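I have placed the structure first, in the form of structure tokens, so that the comments after it can refer back to it.
The values are calculated or read from the model by the stated rules, or taken from the named source; none is laboratory data. If you're wondering where the values come from, they're calculated on a predicted model, not measured in any experiment. As a convention, Cβ positions derive from the backbone with ideal geometry for all residues, glycine included, and neighbour counts pool all protein chains shown.
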Amino acid sequence: MRMTWFAGTGATMILLAGGLHARQAQPVPAPTPSTASASSSQRGNPILPATQALFDGLVASDKMPGIVGAFGVGDFPTQFVSAGRIADAPTAPAAGPDSLWRIYSMTKPITGMAAMLLVEDGKLNLDDPVSKYFPAFATMRVLTSPDTSLNSVPAKNPILIRHLLTHTAGLSYNISAKGPLLKEYERLGILPGQVNAQVEVQARRARPTTLAEFANRVASVPLIAEPGTKWSYSIGLDVMGAVIEKASGMPFDRFVQTRLLDPLGMRSTYWSVPASAAGRLSTNYVFVGDTRSPLDPGATSVYLSPPSFPYGGAGLVSSARDYDRFLHMLANGGTLDGRQVMKRETAALGMSNLLPAGVTFGGIGGGTGGAMSARMGFGAGGSVYLEDTPNGGPSKGTYGWGGAAGTIAWVDPARKMRGTVMVQYFPAEKWGLRQSVPAALARDMARMMPR
């Protein structure tokens, strides 16, 4: 699904340490709908009043039903800021740290770090050819005119694991492909994502039912660019899920669960939301102009049923609390609550610029989340700042990505700062949260600085 990425200030997170007692954030039991709707954050966050006011104003002006943010620095307690509800109905539960949101492409960093665990295990190498795991990728072809024809020539370079992680494999996406290529993706069911129950009926008729078959079908379609030569947003992380499954000898979703979600205490992150958590699932909306309509109501959501297979690029539902724990682990160099989930060097490698030599990040322009604020590269499933930004913005090494329904996540390892924003509507950049949230955090910081 189409991405957004947070380009806002990182230095503003320093304010979170003010007035707080240091302690490790602990995992919590999976909440019930009643505890989620009774979140104390609904009383407002006095540590971040400007951010709270921004969120309250967005809801009061009916720009969205609800919004939740999770912001942290080091091991100080995570600060949650919430406003509104998880749906328009006045009886809908209040939005809070444990509300559930479709995070779409914020799934990609999780898949990317799952791949890095296999690199750590010695079961993957960034420069392994994908054909080592799926031989069908050994004879790829490249389109000569990607937007208008399926005419192709043999590829000169193999697709590597690094290419899948960084969108440089030459693969496309059903959200961006055009003409005959898009029709071919649709014919073969190369549609790794869910929108709502109605769209899902059609997609399932063509979509394969296993990750292995998905990967083999992808290998049968010509590429839009020579592997390793161009950044092009793609289904690479979905193919990566199939490789993880093959290399680990374990179903992809089980590998993610046992190596990341369970060790991190992420008890509200799902490929399919169980009945016990259904009451916490938000409604996803779509804007036509400024008119908002429900696209995937929480009560009848497609995410209440198992997907055709686990989508490594856009398949997860999560909470602000859970995603904050993932980011907290990365900020801490692979460790959370005293437990090492991955080695420090593994986390650092995954958050570094993994682009092939000579390739530059294609950018986060209008279609993928807004203007870039500095020179950036790409790591394992997320963008990476290659230099410090001016005026206290994100520092070099800041890593993150966002989701098609407006969710945002980033981690600044140099400062051990992190942030998550959860909303639920298309298009993702309708209300410019990537600009307004950091500005509000900056005001909060200024309020706390000595005069």
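Quick grid of which residues meet (1) out of contact with any Leu (no Cβ under 8 Å at 6 or more places or on another chain); (2) touching a residue at least 24 places away in the same chain (Cβ under 8 Å):
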position	(1), (2)
Thr148	yes, yes
Ala155	no, yes
Ser176	yes, yes
Leu182	yes, no
Gly193	yes, yes
Asn196	no, yes
Leu211	yes, yes
Every listed condition ((1) under 13 Å from the mean Cα position of the chain (by Cα); (2) more than 30 Å from Pro297 (Cβ to Cβ); (3) hydrophobic (A, V, I, L, M, F, W, C)) holds for Ala405 save (2)
Collect the residues in segment 249-268 that are within 13 Å of Thr335 (Cα to Cα) and in a loop (DSSP other than H, G, I, E, B), keeping them in residue-number order. Pro263, Leu264, Gly265
Identify, by number, the condition in (1) assigned to a loop (DSSP other than H, G, I, E, B); (2) touching a residue at least 40 places away in the same chain (Cβ under 8 Å); (3) within 24 Å of Ala404 (Cβ to Cβ); (4) not basic (Lys, Arg) that Ala89 doesn't meet. (2)
Segment 54-81, residues that are small (Gly, Ala, Ser), buried (at least 23 other Cβ atoms within 10 Å of the Cβ) and under 22 Å from Leu295 (Cβ atoms): Gly66
Determine whether Val256 is modelled with pLDDT of 95 or more, crowded, with 23+ Cβ neighbours inside 10 Å and not hydroxyl-bearing (Ser, Thr, Tyr). yes
Can you confirm whether segment 326-348 contains a residue that is touching a Phe, Trp or Tyr at 6+ places or on another chain (Cβ under 8 Å) and assigned to a loop (DSSP other than H, G, I, E, B)? no
Select, from Arg259, Arg267, the only residue that is touching a residue at least 12 places away in the same chain (Cβ under 8 Å) and within 14 Å of Arg321 (Cβ to Cβ). Arg267
